[in-house]
Amino acid sequence: MSWTVQCYHSSVFIVLFSSFIYNHLYIRIRPDDTLMTYKGYGGKFKYLTFWYFIIQTVYFGLCVANDFSGTNVRPSDKRQRSRLQRWRDNFLATVVFPLGMFVVLSFWGIYAVDRELVYPKELDKIIPAWLNHIMHTTILPFLLVDKFLVYHQYPSRKSGIITLLSLALIYLVWILWVAYYANIWVYPILKVLSPHQKAVFIMVMLVFFIFLYLVGEFLNKTLWGKEKNIAKKEKSS
């Protein structure tokens, strides 16, 4: 495993893990605050951003473990991938990359239209700007650099999309349960939509998830096209 890859993965993991610990220990909503963020049923776990914070930290921890104890095999190497590498590749392809893209694009897209719907100004007093960017901005460059430095073997498209949509549906059931049980709409846009509008909105989001999966697959093919062609030849032989 190249020193550059090891250094990169270790550095990103340290940044994410230390930021997560800071978020857990020091980001608290005062009793006199009117914000619903982090309050009430489910706490921080109501939010996809917090789910992804954990997911991305685990992913780069897995990358570090693979760098030191696994393999970074490409199809042209004629060697077998380690279990750690298979886990890393599948996790990146089916969950980490498409979900990371979704968090960045949806957060900053809504922020540009009306920040109060996603990140009220009052949060500026509670969450440092650097932590906000760790959770909502650096996600994308971290992942793109990783894709550039490391070859990831994608699973079959059907398997990958099913895995991604399964996670999306689990989160959807969770936020609907929070709305039913605690009368808290995690995202204000769902509160104002009628039932049929909610259904259309949810379907659009699921299609968007599939699109983001295909974007990740396309980037992987663009960056590692020769490797993909070798992998296809080996599967057909």
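Could you list, in their original order, any pairs among 46/191; 46/121; 46/198; 125/198; 121/191; 44/121 whose Cα atoms are separated by more than 22 Å?
Beyond 22 Å between Cα atoms: 125/198.
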(request) Multiply the residue separation of residue 25 and residue 162 by 0.36 nm, subtract the distance between their alpha-carbon atoms, and state the gained length in nm to one decimal. (result) 45.8 nm
(message) Taking only the Cα atoms of segment 3-236, how large is their convex hull per residue, in Å³?
(response) 133
(request) Only helical DSSP H runs with n ≥ 4 go in: add -39500 (n - 2.57) per run for the chain, normalise by residue count and round the 222 nm mean residue ellipticity to 500 deg cm²/dmol. (result) -23000 deg cm²/dmol
(request) State to the nearest 20 debye the size of the charge dipole of the chain about its Cα centre, where the only charges are +1 on K and R beta carbons and -1 on D and E beta carbons. (result) 820
(message) Taking only complete DSSP H runs, can you tell me which helices of the chain stretch 30 Å or more along their own long axis by Cα positions and average at least 1.6 on the Kyte-Doolittle scale?
(response) none
(request) Would you please state the base-10 log of I(q)/I(0) at q = 0.28 1/Å for segment 132-186, with intensities from the Debye formula using one equal scatterer on every alpha carbon? (result) -0.96
(message) If you average 1/r across every pair of different Cα atoms in segment 63-107 and take the reciprocal, what Kirkwood value do you get, in Å?
(response) 11.7
(request) Could you tally the net charge around residue 212, taking each other residue with its Cβ under 14 Å from the Cβ of residue 212, Lys/Arg +1 and Asp/Glu -1? (result) +1
(request) Multiply the residue separation of residue 187 and residue 68 by 0.36 nm, subtract the distance between their alpha-carbon atoms, and state the gained length in nm to one decimal. (result) 38.8 nm
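FYI, it's all coordinate maths here, none of it is from the lab. Note that the structure is predicted; figures quoted are calculated from it, not measured. Virtual Cβ from ideal backbone geometry, glycine too; neighbours counted across all protein chains shown.
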